[in-house]
Amino acid sequence: KKLSTKRSSCYIKDLDDGCLMLIFSFLSPIPDRYNTALVCRRWRFLACHPRLWLRVDRSVKDSSFPGVYPTIEDAVVAARPGDTILIAAGGVHQASDIQIKKPLCLIGAGELPDETTLVCSNGSESALEFMSTCKLANLTVIAELGCCLLHRSGRLTVDGCVLQCESNPLDHLSHAIVTTATANISTQDKIPSLLTKSSADCVTVLRTRIEGGAKAVLTSGSLTLRRVRVMYTRTSLFFWFNVEET
């Protein structure tokens, strides 16, 4: 008997929802997973499923929409370690002294970082306070009196953002854009990082526009500013730098 030369074919459209969602979970949230939602209705449903990321939308007034929250703080509290939070573009999101003690990724949903703005109100020490490994991407963070980002521990990555801190005529009242400080974290708050293999504390800034403030970075302890690169454009300065142990 002759062996059959026909090969069984399997197409991605034949996979069940659970298998497709598992594949989507390995894609980077922006732009890969975001682009999969544009393929068809089924892929949009799976790519936007709350199991893959949470969403912040100020227009939501109740909890009837699973995985959608009216404020960033609500989404951070509900998130599990390793989750991605997609923050809706348009309007202003309030972010004052929000402590993040678990590995999370916060991403702006607009095409440009200027379309998704987080504002830290007067009297707050910072907009976001990081105590674990996190990533911030495609967002604008504005601090009126205080620093934009306060890093206490973990590996913080800031990619393609705008960080703006209001300058004060009195220099001693002005704050740095990014501040590092020693963390006082209890044992129960220490959650193993899901986003990186290394546990060393550091801050990595990539393609980020920095405006105002007394200085770009204020370091403490053994962390120092290293490998600074600046790209000049007609209207802005874009920075690449690392804050890490010497």
Using 0.36 nm per residue, how much length does the chain from THR246 to LEU27 gain when fully extended, once their Cα-Cα distance is taken away? 75.5 nm
Taking R0 as 25 Å, what's the FRET efficiency between SER222 and GLU125 from their Cβ-Cβ distance, rounded to 0.05? 0.70
Once the dipole of the stretch 22-154 is set up from charges on Cβ (+1 Lys and Arg, -1 Asp and Glu), the residue from the list SER96, PRO50, GLY110 lying farthest towards its positive end is PRO50
Run the simple label-point estimate for ILE12 and SER236 please: 7 Å along Cα→C-beta, distance reported in nm. 3.1
I'd like the distance between the alpha-carbon centres of the stretch 207-240 and the stretch 97-131, rounded to an integer number of Å. 18
Say each of GLU211 and CYS40 gets a label point 7 Å from the Cα, pointing the same way as Cα to Cβ; how far apart are those two points in nm? 4.4
Given 231-238, 46-53, the highest-first ranking by average Cβ count within 10 Å works out to 46-53, 231-238
Sum of side-chain charges, PHE238 neighbourhood, beta-carbon under 15 Å (Lys, Arg +1; Asp, Glu -1): +2
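Every read-out reported here was derived from the displayed coordinates using simple, explicitly stated rules and does not represent laboratory data. This structure is a prediction, so every number in the text was calculated from the model and none was measured. Cβ: placed from backbone, ideal geometry, glycine included. Neighbour counts: every protein chain shown.
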